[in-house]
Amino acid sequence: MKWAEVDARAIERNVATICGALRNSVALMAVVKANGYGHGASAAAIAALAGGATWLGVSSPEEALELRAGGLDVPILNLGWSHPAQLNALITGGIELSVWSPEQIAAAAEAAAQVPARVHVKIDTGMRRLGAAPAALGQVIAALDRAVGRVEAVGAFTHFASADAASPDFTLEQNDAFVRTVEPLRQRWPGLLLHAANSAAALRFSETHHDLVRCGIAIYGYAPLHAERLARLYPAMAFKACVTDTKTVHSGDTVGYGGTWVAQRDTRVATIAVGYADGVQRAQSNRGTILIGGRRCPLVGRVSMDQLTADISEVDGVHPGDAAVVFGRQGAEWLGADEVAATVGTISNEVLCAVSGRVRRVAVG
């Protein structure tokens, strides 16, 4: 009674568009973490590779190993932390690792029994999450030297904190810091692959492209803030559910938990079989909209775990079994994940990733 339609051709097309705007020497990593931003990791990866991506990025060992087990024989980088107990499986499977401390490098060396561990050194230039501080890079280089033959440095990267901000200043400061910091690494390992740009920087700041860009949200069809006009992108997912009932509620009646919505007039209300357990934000209660019969219908009452309700007074002929669209297109009307996100003060990334595992994915196009 609920499903997400995923158009792999849109992902392929978006990747091709971004690749077409890059210098020939710049490769593209498709970031397919979080189950491909909700689209399905394997399907998203295959479509992105068809569009011109040559790398895949994930955020956990489990995601990386799942892609490899699915037969994807391309470079895969775990952008996050790798548990020591999983290092041998990752190294044996040809998964490239992110490292930023001597302890991680030593653990990778110990786990590299058959083939060397291929690692990318992460530099913290201002995100203040993962990564080595520039002042600590000497310790990282020393650890890599101690692990020679068992650990191979193949890349270095950073992550931008505000590439989607109106001002480019902090992003360019981070990029300059990255370039300065990696110079000793590049001298020690001349073929080191440098990468920094996420979707926003890939679209806005060519000086941050280096050898590789890492694109997430843009390949799924949504441009980050301040990059909306820089590329024609095609959203790849539509989220739909069935109407399960319709009724007339009378003036003064309440709808849903807590009676938070009170009818000001006799109102036709539809119940739809989708809720916050499926990925509809509870914060949309009494604020969001849904498409029914090709029209925008306000959500009324609280979004509950499995159901929500909408005012269908302006739509004729709605019946149980009809499709309602949480985000996507219905007829001539479009309701994007970005608009849904704006309603509740979040971003399209969260709206897409929130579509839960109990929502069936259906390939279209």
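Looking only at residues that are without any contact (Cβ under 8 Å) to a residue 24 or more places away in the chain and out of contact with any helix residue (DSSP H, G or I) (no Cβ under 6 Å at 6 or more places or on another chain) in segment 278-305, which one is surrounded by the most Cβ atoms within 10 Å (Cβ to Cβ)?
Selected residue: P298.
Out of curiosity, is Q264 surrounded by fewer than 16 Cβ atoms within 10 Å (Cβ to Cβ), more than 20 Å from V32 (Cα to Cα), among the polar types (S, T, N, Q) and at pLDDT 95 or above?
yes
Say we look at segment 122-167 and pick out the residues that are in contact with a Ser or Thr (Cβ under 8 Å, 6 or more places away or on another chain) and of a type in the set (V, I, T); which of these is nearest to A197 (Cα to Cα)?
Ranking the candidates gives T158 first.
Within segment 78-95, restricting attention to residues that are touching a helix residue (DSSP H, G or I) at 6+ places or on another chain (Cβ under 8 Å) and among the aliphatic types (A, V, I, L, M), which residue is farthest from A132 (Cα to Cα)?
Here the residue is A89.
If the Cβ limit is 8 Å and pairs must be 6+ apart or interchain, which residue in segment 54-80 that is farther than 10 Å from K33 by Cβ pairs with which residue that is among the aromatic types (F, W, Y)?
V74/W55; P75/W55; I76/W55; L77/W55
Working only within segment 323-365, note down all residues that are within 15 Å of the chain's Cα centre (by Cα) and either part of a helix (DSSP H, G or I) or loosely packed, with under 14 Cβ neighbours inside 10 Å (or both).
A337, D338, A341, S348, N349, E350, V351, L352, C353
Return yes when V243 is under 25 Å from A354 (Cα atoms), in the same structural domain as E314 (by TED's automatic domain parsing) and surrounded by 13 or more Cβ atoms within 10 Å (Cβ to Cβ) and no when it is not.
Against the criterion (under 25 Å from A354 (Cα atoms), in the same structural domain as E314 (by TED's automatic domain parsing) and surrounded by 13 or more Cβ atoms within 10 Å (Cβ to Cβ)), V243 qualifies.
For segment 121-137, enumerate the residues that are part of a helix (DSSP H, G or I) and of a type in the set (G, A, S).
A135, A136
From S42, S59, S82, grab the single residue that is buried (at least 23 other Cβ atoms within 10 Å of the Cβ) and either touching a Leu at 6+ places or on another chain (Cβ under 6 Å) or within 23 Å of Y220 (Cβ to Cβ) (or both).
S82
Among the helices (runs of 4 or more DSSP H) lying completely within segment 7-120, list those that include at least 1 residues that are hydroxyl-bearing (S, T, Y) and under 30 Å from G279 (Cα atoms).
8-20, 33-37, 41-51
The values are calculated or read from the model by the stated rules, or taken from the named source; none is laboratory data. These figures come from a predicted structure and were not determined experimentally. We place every Cβ from the backbone using ideal geometry, glycine too, and count neighbours over all the protein chains shown.
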